[in-house]
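**Q** This is the structure I have questions about; it appears just below.
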Amino acid sequence: MAKSKNNAKKLSYISVPSQIINSISSSSLQSLLESPKKCARHSKFFTFVKCIRPRLFLFTLFFLAFFAMLKFGLNLYTPFPPFPCATSVDPSKSNLGQQGGDVGVSEALISSVQLHGTEVPSGVGEKSEFWEQPDGSGYKPCLNFSKEYRRESEGVVKNRRRYLMVVVSGGMNQQRNQIVDAVVIARILGASLVVPILQVNVIWGDESEFADIFDLEHFKSVLADDVRVVSALPSTHLMTRPVEGSPIPHATPSWIRSHYLRRFNREGVLLLRGLDSRLTKDLPPDLQKLRCKVAFQALRFAKPVQELGNNIAERMKSKGPYLALHLRMEKDVWVRTGCLPGLSPEYDEIVNNERTKRPELLTAKSNMTYHERKLAGLCPLNSIEVTRLLKGLGAPKNARIYWAGGQPLGGKEVLQPLINEFPHLYSKEDLALHGELEPFANKASLMAAIDYIVSEKSDVFMPSHGGNMGHALQGHRAYAGHKKYITPNKRQMLPYFLDSSLPEEEFNRIIKELHQDSLGQPEFRTSKSGRDVTKYPVPECMCNDDSHHHTS
C-alpha cells in the first residue's frame, strides 16, 4: 500500500463519545446525590466517613461509563471514517457534474489507512447471509483448444505479409470489447495485429493510449501462440495504402474472409473501424475460447493502474467483506436511456431539456414513454430504489459499499437515501491517499479501470443498470469461480416498489424470491442465441467434472 509522506508523525487521540457525556447530565447527577436512600445529611465529612453505598455506587457508575467508552468510542483501528459520505454531503455546496469534490476526505482517513497491519475484529454484518457465495457447480477455467487450432497457430503467428490495424472507440469497457474482437478477427484472417489505436473519446476527451491502460508486454506474451501482436507496422508496409472497412453487425467468420481476404492479400494492410458489436457472438468453440483468453487473461491493466486498484481494494477488505455497487446515474445515462432520475422535478427537467436539445443522444426505443420504459425494466435504478433493493436482499446496515461510476446528476446529495441506510459508502476519491489519483486526473479510461479492479475483487457486485462494465464483470467474476453477482430483476420487482401497502417483511421475502436465481450462478451461454461468451463463459471456457464436451 502506498505510504503517506507524513509517516514519521503518528499521533493517537482518545476522545469521549458525546452520547456518553450527554447521557450523564448535571440534573441526573443531582438527582443521584439527593436520593432518599442516602445517609443523613449532617456534613460532607460525616457523609464521606459514614456512607459507603454512595461511594460504591459512584465507583460502579464510573466503571460502566468507562466500559461504554471502550465499546463505542475507542476504536483505535479505523481504516475508514464512520460516516464518510454522509458527513461530506452539503446541499448548499452542490456542484453538479463535478468529479473528485471529496478527494481529500480527512486526515483521519489517511492516517488510519496506514494502520493496515493491525488485526481487525469481525463485524456483525460479516456473518450475514448476504455475503454467502452462489454454488459454482465446480466450474473452473478450461481453455482446451482443438488440435486443428493448434496446428494452424504456427502458420498464423509466423505470417509477415498481412497486418490488421483497428481503431476502437467509446469508453474503456467499450474499447476492451472491441480489442477482444480485433484479436479474433486477426486470427480469422491469419494476420498480425498492430496494437489497437484508441480513438479520443468525444465526451471525456481522454487521450490515453493502449499501453497507458493495459499491460502491453503481457498482452503480447499471453497471445504469442494465437496471434502475433506488433507495436507498429514494419518498414516494408509503411508506404502501403491500407484497405479500409467496417464489418456489418453480427458478421460471421465466413463473411469477414469473403469481404476482406482477397484485397488484404493484395495490399497487405487492412484498417477496420467501428468494431462495436460487429462480430457475431455465435462463433466456433475455438474462437470462443480465444475471446475468453483475451478478455480474462491477456487484457491485464497497466502496472500503475493495477497497483492503485489493488491498494484501494485492500483498504476496502481491511475490515471484512464489501459490496461493489456500479451506479449508472450520470447525466448522459439518463438522457441516452430515455429515463428520468425521479428524485426531484428539478433534475427531471434538466434531463428532459437536454434530450430536447440533442435528440440524437436517445439510444432507447423512441416510441416508448418514460413510464413504459421504467415498467419494462429499461431504466437505471435511482438511489432510493437501490437502497430498497439492498435492504430487501438482506444487506446489513453496516455493510461496506464501494461506489463505482461517474458523478451522479445532482452530486452526492442524490445519494443521501442510500447513505442514510448504508453509511459506509466509499468511492475511489474517498479511499485514495493524498496525490494517488493525480497521475490519472482527467483520464476517464484510467479512472474506469480503477473502478473495474476494485469491483472485480469485491465479495458481492451489483450494477444499478446494465452496460459494458456490468457485462464484463459478470463474465470476469464467473471465470473467477462464480463470485456473487446480483442482477436486479427490475421488470418484476418494480410493481412491488409501487405498492405502499405491502408490509416490509413481505416485501423483503418477495425481493429475495425474485432474485434467488440472479446471484451469479453458472448460466450456459448456449441456452440462448446471441449470448456473449465474455459474459457467459460456460460451457466453452469453463468446465467441471461432469462436463462431456472436452475438445481433444
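**Q** Would you pick out the residues in the stretch 446-471 that are among the small types (Gly, Ala, Ser), part of a helix (DSSP H, G or I) and open to solvent by 10 Å² or more (accessible area, probe 1.4 Å)?
**A** ALA448
**Q** Could you go through the stretch 257-275 and let me know if any residue there is within 19 Å of TYR163 (Cα to Cα), within 30 Å of the chain's Cα centre (by Cα) and open to solvent by 10 Å² or more (accessible area, probe 1.4 Å).
**A** Step one: list which residues in the stretch 257-275 are within 19 Å of TYR163 (Cα to Cα), which gives 257-275.
Checking which are within 30 Å of the chain's Cα centre (by Cα) leaves us with 273-275.
Those left that are additionally open to solvent by 10 Å² or more (accessible area, probe 1.4 Å): 273-274.
For the stretch 257-275, residues within 19 Å of TYR163 (Cα to Cα), within 30 Å of the chain's Cα centre (by Cα) and open to solvent by 10 Å² or more (accessible area, probe 1.4 Å): present.
**Q** Moving on. Among GLU505, GLU456, which is without any contact (Cβ under 8 Å) to a residue 24 or more places away in the chain and not small (Gly, Ala, Ser)?
**A** After ruling out the rest, the residue left standing is GLU505.
**Q** Among the residues of the stretch 484-505, what is the count of those that are among the aromatic types (Phe, Trp, Tyr) and part of a helix (DSSP H, G or I)?
**A** 2
**Q** Taking the stretch 506-541 as the search range and keeping residues that are modelled with pLDDT under 95 and assigned to a helix (DSSP H, G or I), which one is farthest from GLY392 (Cα to Cα)?
**A** Ranking the qualifying residues of the stretch 506-541, first place goes to THR526.
**Q** For GLN174, indicate whether it is in contact (Cβ under 8 Å) with a residue 24 or more places away in the chain, within 19 Å of THR534 (Cβ to Cβ), open to solvent by 20 Å² or more (accessible area, probe 1.4 Å) and assigned to a helix (DSSP H, G or I).
**A** yes
**Q** I'm checking my understanding of the structure. Among residues of the stretch 145-161 that are modelled with pLDDT of 95 or more and not in a helix (DSSP H, G or I), which one is surrounded by the fewest Cβ atoms within 10 Å (Cβ to Cβ)?
**A** Going through the qualifying residues, I end up with SER146.
**Q** Shifting gears a bit: Looking only at residues in the stretch 362-387 that are among the β-branched types (Val, Ile, Thr) and modelled with pLDDT under 90, which one is farthest from LEU425 (Cα to Cα)?
**A** In this case the residue turns out to be THR369.
The values are calculated or read from the model by the stated rules, or taken from the named source; none is laboratory data. What you are looking at is a predicted structure, and each value in this text was computed from that prediction instead of being measured. Don't worry about glycine lacking a Cβ; one is built from the backbone with ideal geometry, like all the others, and counts go over all protein chains shown. Areas reflect the complete protein model, heavy atoms only, side chains present, ligands, DNA and RNA absent. Shrake-Rupley method; radii C 1.70, N 1.55, O 1.52, S 1.80 Å.
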